[in-house]
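Engineer: This is the structure, below, for whatever I ask next.
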Amino acid sequence: GCGELGVIAFECPNRGLHLAHENMVFEFLREGRPALPGESASLVVTNLNSRVSPLVRYEIGDLVVPSEKRCDCGRPSPLLESVSGRSHDTIRTPGGSVIHALFFTHLFDELPQVHQFRVVQTRIDRLRVELRSDRAIEASVRERTERSVRSAMGEGGGVEVVQVAQLPVSASGKTR
């Protein structure tokens, strides 16, 4: 769903992720070109029902993977293979690949001493990983984190892992 557009997709009992194509036109763009089925792409939506405030080719900020498959339930609506997150929650590597924010979430799931984290990409080849905890984070944890992130960054990627007392909050008082 999307606050501005309403329901965009729904999951059926057969686990298909159906697009609500009766009311919207969907485009899947990857670096300005139409994405192929199976490729991660930005979702662009045109709502056909909003006469008051039409949103035409509205890029909602979600990354999705369109599918060319049909669901076993028999519904004719197009499918998504997955919703992989927000477009601003990705890191581009020097080699041209992408690291999604979930990589970091899963990395820190195993570390109960890390309460919050933030990853800042200062340059295409440079990341700063900030860890917040109410106790000192051991050097071995910081070193393991650095090795894992450096491996994901690939050749030429620099990583700095630091412990911080606080992470910045948005104007609403929330931490990303």
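The values are calculated or read from the model by the stated rules, or taken from the named source; none is laboratory data. Since the structure is predicted, the reported quantities are computational estimates derived from the model, not experimental observations. Because the Cβ atoms are built from the backbone with ideal geometry, glycine has one as well, and the counts that use them run over all protein chains shown. Accessible surface is based on the protein model in full, side chains and every heavy atom, while ligands, DNA and RNA are left aside. Shrake-Rupley method; radii C 1.70, N 1.55, O 1.52, S 1.80 Å.
Engineer: Is it true that SER77 is of a type in the set (S, T, N, Q), more than 17 Å from the chain's Cα centre (by Cα) and open to solvent by less than 20 Å² (accessible area, probe 1.4 Å)? Give the derivation first.
Structural biologist: Details: of a type in the set (S, T, N, Q): yes; more than 17 Å from the chain's Cα centre (by Cα): yes; open to solvent by less than 20 Å² (accessible area, probe 1.4 Å): yes.
So SER77 passes the test.
Engineer: Still on this model: How about segment 60-72: which of its residues are surrounded by 13 or more Cβ atoms within 10 Å (Cβ to Cβ) and more than 10 Å from the chain's Cα centre (by Cα)?
Structural biologist: From segment 60-72, those surrounded by 13 or more Cβ atoms within 10 Å (Cβ to Cβ) are 60-67, 70-71; that's our starting set.
ILE60, VAL65, PRO66, SER67, ARG70, CYS71, listed by residue number.
Engineer: If ARG51 satisfies all but one of (1) crowded, with 17+ Cβ neighbours inside 10 Å; (2) of a type outside the set (Gly, Ala, Ser); (3) in a loop (DSSP other than H, G, I, E, B), what's the number of the condition it fails?
Structural biologist: With (1) crowded, with 17+ Cβ neighbours inside 10 Å; (2) of a type outside the set (Gly, Ala, Ser); (3) in a loop (DSSP other than H, G, I, E, B) applied to ARG51, the lone miss is (1).
Engineer: In segment 1-16, what residues are open to solvent by 40 Å² or more (accessible area, probe 1.4 Å) and either assigned to a loop (DSSP other than H, G, I, E, B) or not charged (D, E, K, R) (or both)? Full working, then the answer.
Structural biologist: Of the residues in segment 1-16, the ones open to solvent by 40 Å² or more (accessible area, probe 1.4 Å) are 1, 3-4, 7, 10-11, 13-15.
Once the filter is applied, which keeps residues that are open to solvent by 40 Å² or more (accessible area, probe 1.4 Å) and either assigned to a loop (DSSP other than H, G, I, E, B) or not charged (D, E, K, R) (or both), segment 1-16 yields GLY1, GLY3, GLU4, VAL7, PHE10, PRO13, ASN14, ARG15.
Engineer: Regarding segment 67-90, can at least one residue be identified that is out of contact with any helix residue (DSSP H, G or I) (no Cβ under 6 Å at 6 or more places or on another chain), at pLDDT below 90 and β-branched (Val, Ile, Thr)?
Structural biologist: Scanning segment 67-90, I find at least one residue that is out of contact with any helix residue (DSSP H, G or I) (no Cβ under 6 Å at 6 or more places or on another chain), at pLDDT below 90 and β-branched (Val, Ile, Thr), so the answer is yes.
Engineer: Considering each of ARG128, ARG150 in turn, give the residue that is over 23 Å from LEU29 (Cα atoms), under 19 Å from the mean Cα position of the chain (by Cα) and basic (Lys, Arg).
Structural biologist: On the way: ARG150 fails: under 19 Å from the mean Cα position of the chain (by Cα).
Result: ARG128 is the single residue among ARG128, ARG150 that is over 23 Å from LEU29 (Cα atoms), under 19 Å from the mean Cα position of the chain (by Cα) and basic (Lys, Arg).
Engineer: Condition first: in a strand (DSSP E or B) and more than 19 Å from the chain's Cα centre (by Cα). Now tell me which residues in segment 20-32 satisfy that.
Structural biologist: Of everything in segment 20-32, those that are in a strand (DSSP E or B) and more than 19 Å from the chain's Cα centre (by Cα) turn out to be MET24, VAL25.
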